[in-house]
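Colleague: Sending over a structure as structure tokens; questions will come in a sec.
Each value in this text was obtained by applying a stated rule to the coordinates, not by laboratory testing. On a predicted model such as this, the values are computed, not experimentally measured, just so you know. When we count neighbours, we look across all protein chains shown, and the Cβ atoms used for this are built from the backbone with ideal geometry, even at glycine.
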Amino acid sequence: MYAVIETGGKQHRVAPGDVLTVEKLAGETGSEVELGRVLAVVQDSGEMLLGTAAAAAKVKGTIVNQDREQKVLVFKFKRKKQYKRTIGHRQWSTEVKISEIVA
């Protein structure tokens, strides 16, 4: 069984036992969370739930880690003007272990 969920503006395919890195979620390490919108659920029998049937499903998980991702360098440059700027950005992220999909 697996599900397609939307969280943080991105879509992810998840199954029980998967560890997923998403944008920061509220909660402490070890706490239970319910992940975003469920867009589709495919059961072991091959039956697919879409639309309102999938919206009734829930994907539950446990927060494994709250951390920041690797630094992304942003470099601005204008030729012939001696203009150069370098800045870095580290986005907050949350690792979630999917415990169950309730359809």
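Colleague: Sort out which residues of the stretch 72-103 are basic (Lys, Arg) and surrounded by 11 or more Cβ atoms within 10 Å (Cβ to Cβ), and write them in order of number.
Modeller: Within the stretch 72-103, 90, 97 qualify.
Colleague: Considering only the stretch 36-43, I want to know if a residue exists there that is of a type in the set (Gly, Ala, Ser), in contact with a strand residue (DSSP E or B) (Cβ under 8 Å, 6 or more places away or on another chain) and farther than 14 Å from residue 102 by Cα.
Modeller: There is no residue in the stretch 36-43 that is of a type in the set (Gly, Ala, Ser), in contact with a strand residue (DSSP E or B) (Cβ under 8 Å, 6 or more places away or on another chain) and farther than 14 Å from residue 102 by Cα.
Colleague: Can I ask one more? Looking only at the stretch 30-70, filter to residues that are surrounded by fewer than 10 Cβ atoms within 10 Å (Cβ to Cβ), under 24 Å from the mean Cα position of the chain (by Cα) and not β-branched (Val, Ile, Thr); which one of those is nearest to residue 15 (Cα to Cα)?
Modeller: Among those that are surrounded by fewer than 10 Cβ atoms within 10 Å (Cβ to Cβ), under 24 Å from the mean Cα position of the chain (by Cα) and not β-branched (Val, Ile, Thr), it is 44.
Colleague: Which of the residues that make up the stretch 62-77 are touching a strand residue (DSSP E or B) at 6+ places or on another chain (Cβ under 8 Å) and more than 16 Å from residue 31 (Cβ to Cβ)?
Modeller: 68, 69, 71, 72, 73, 74, 75, 76, 77
Colleague: Another one. Among the numbered criteria (1) part of a strand (DSSP E or B); (2) in contact (Cβ under 8 Å) with a residue 60 or more places away in the chain; (3) of a type outside the set (D, E, K, R), which one does residue 59 miss?
Modeller: (2)
Colleague: Need the failing condition index for residue 12 against (1) free of Cβ contacts under 8 Å to residues at least 40 places away in the same chain; (2) farther than 19 Å from residue 91 by Cα; (3) not in a loop (DSSP other than H, G, I, E, B), just the number.
Modeller: (2)
Colleague: Right, another one. Among the residues of the stretch 72-103, what is the count of those that are closer than 28 Å to residue 17 by Cα and either touching a Phe, Trp or Tyr at 6+ places or on another chain (Cβ under 8 Å) or not in a strand (DSSP E or B) (or both)?
Modeller: Summing the residues that are closer than 28 Å to residue 17 by Cα and either touching a Phe, Trp or Tyr at 6+ places or on another chain (Cβ under 8 Å) or not in a strand (DSSP E or B) (or both) in the stretch 72-103 gives 4.
Colleague: Output the residues belonging to the stretch 68-103 that are of a type in the set (S, T, N, Q) and without any contact (Cβ under 8 Å) to a residue 24 or more places away in the chain.
Modeller: 70, 82, 86
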